[in-house]
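Below is one structure, written out as structure tokens; the observations come after it.
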Amino acid sequence: MTSSATGFSLDAGGGVAEHANTMLKTLATPRLGLLGDSFIYAGPNIQTDVCRHSVTLACAIGPEPLQISAGGRCWTGRLLAIRPFLKRAVNAGGGPVAMIDLEPTHPRYNTFSRQAPTETVQVLDTVRFSGLLGCAQAFAEQRLCGSQLRAAVALHVSDVADSIGPAQPVASPVLQMMAVVRMDPTAGLSVLGQRAGLPARRASQVFVAALGLTVRQYALAEKIRRAAMFLGSGRPLTDIAQLCGFSDSAHLAKVWQRCYGVCPSKFFTGPWHTQGGGLDQAWRQRVSLAAALSRGA
């Protein structure tokens, strides 16, 4: 795939250098896109210490590269792929940045999560994947949103994933277990094994082999994804925690802080809005359209 596949290129309109000052002003209020099986965040700067369940594609959309530090090692680049469950510090050097997080439900999640343990962070070729950087820049500048955003991210992420390894379809028993957890994140291994037709111990092994994370980790990821549905809603954290399967608001706050480096109140009661910037919910729009079409059938 070329950078022109979705019409966005770093070279368009003068490239990064010309847009840097504009973006710093535009991103005074961060942007967040909810894409169902992935998130995209763009902000003026990131300096944080986090550990996420998601695969992260970190994009420097200003002139300064990103620096990722983990386990005594350091990687520097403008586009980096970060494995799940890696405790790392991210330093954007004061420049604007975008983070694309692939949830375990993403079809290419296991391409990254099942890499060799030594492949914790990969510095990607910015020329080959200029389309992804251009996509992140266009999102940051509010030129890309809704269904176009979802399609562009999906295409460019697939391009990166193909460079790392072939697609590895998830087997039916694992898909069945994933479906059970989505319906009930508290479901135990015995229930999941019964649904998949496997003993509980074997069900656990098959699940980890397929996705690179445990059933418990997947359940927690699903709770976080559910919570994201309430971003910008203004609802009390206590209500959100109860609705999403967390034991209490303190549990939700602890998990969110570990994943995203800031307290959840900044996301749930902060200045996010769906019209004119802040929060883009492309996946909800798609679900709503599908529901409308099915009712009209």
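The values are calculated or read from the model by the stated rules, or taken from the named source; none is laboratory data. Note that the structure is predicted; figures quoted are calculated from it, not measured. A quick note on method: Cβ atoms are made from the backbone with ideal geometry, for glycine too, and the neighbour counts reach across all protein chains shown. Areas reflect the complete protein model, heavy atoms only, side chains present, ligands, DNA and RNA absent. Shrake-Rupley method; radii C 1.70, N 1.55, O 1.52, S 1.80 Å.
Enumerate the calculated ³J(HN,Hα) couplings along segment 175-187 in order (Karplus 6.51 cos²θ - 1.76 cosθ + 1.60, θ = phi - 60°), each rounded to whole Hz, writing x wherever the residue is Gly or Pro.
Karplus values, whole Hz, x for Gly and Pro: 4, 5, 5, 4, 5, 4, 5, 4, 6, 8, x, 8, 4.
Residues in segment 199-239, backbone N under 13 Å from the label point at residue 85 (7 Å along the Cα-to-beta-carbon vector): list them, ranges by number please.
205, 207-221
Could you check the simple spin-label distance between residue 233 and residue 51, using points 7 Å along Cα→Cβ, in nm with one decimal?
The two pseudo-label positions are separated by 2.8 nm.
Kindly state, to the nearest 0.05, the FRET efficiency for residue 254 paired with residue 162, given R0 = 45 Å and r defined as their beta-carbon distance.
0.80
Using θ = phi - 60° and the Karplus form 6.51 cos²θ - 1.76 cosθ + 1.60, what ³J(HN,Hα) does each residue of segment 65-79 get, whole Hz, x for Gly and Pro?
x, 8, 10, 10, 10, 7, x, x, 10, 9, 10, 10, x, 9, 8
Could you give each residue of segment 52-60 its phi-based ³J(HN,Hα) in whole Hz, using Karplus coefficients 6.51, -1.76, 1.60 with θ = phi - 60°, and x for Gly or Pro?
Rounded to whole hertz, the list is 10, 7, 8, 7, 10, 9, 9, 10, 7.
Ignoring ligands, DNA and RNA, what percent of the 1.4 Å accessible area of segment 51-109 is carbon and sulfur?
Of the solvent-accessible surface of segment 51-109, carbon and sulfur hold 52 percent.
In Å², and per residue, what accessible area does segment 25-158 have when probed at 1.4 Å with the other protein chains present?
34
Search the structure for amide H atoms under 5 Å from the amide H of residue 48, placed 1.01 Å from N in the peptide plane, and list their residues when 5 or more places away or on another chain.
Amide H neighbours of residue 48, under 5 Å, 5+ apart: 90.
Note down the net charge around residue 243, summing +1 for each Lys or Arg and -1 for each Asp or Glu among other residues with Cβ under 9 Å from its Cβ.
Residues close to residue 243 contribute a combined charge of +1.
Within the set of other residues whose C-beta is less than 11 Å from the C-beta of residue 86, count the net charge using Lys and Arg as +1 and Asp and Glu as -1.
Taking every other residue near residue 86 into account, the sum is +4.
Does segment 39-180 classify as rounded, prolate or oblate by the C-alpha gyration tensor (a ≥ b ≥ c root eigenvalues; a/c under 1.5 gives rounded; else a/b over b/c gives prolate, otherwise oblate)?
Here segment 39-180 falls in the oblate category.
What do you reckon, how do 178, 229 stack up by accessible area (1.4 Å probe), largest on top?
The ranking, largest first, comes out as 229, 178.
In nm, give the distance between the simple-model label positions of residue 195 and residue 262, each being 7 Å from the Cα along the Cα-to-Cβ direction.
About 3.4 nm separates the two model spin labels.
On the full set of protein chains, 1.4 Å probe, figure out the accessible area of residue 249 and give it in Å² to the nearest 10.
40
When a/c reaches 1.5 or more, the comparison of a/b and b/c decides; with that in mind, is segment 142-266 rounded, prolate or oblate per its Cα gyration tensor?
Oblate.
Using a/c under 1.5 as the rounded threshold, could you call segment 201-269 rounded, prolate or oblate? The axes a ≥ b ≥ c are square roots of the C-alpha gyration tensor eigenvalues, and prolate needs a/b larger than b/c, oblate otherwise.
Since a/c reaches 1.5 and a/b is larger than b/c, the shape of segment 201-269 is classed as prolate.
If you take every residue apart from residue 193 with its C-beta less than 10 Å away from the C-beta of residue 193, what net charge results, scoring Lys and Arg +1 and Asp and Glu -1?
+3
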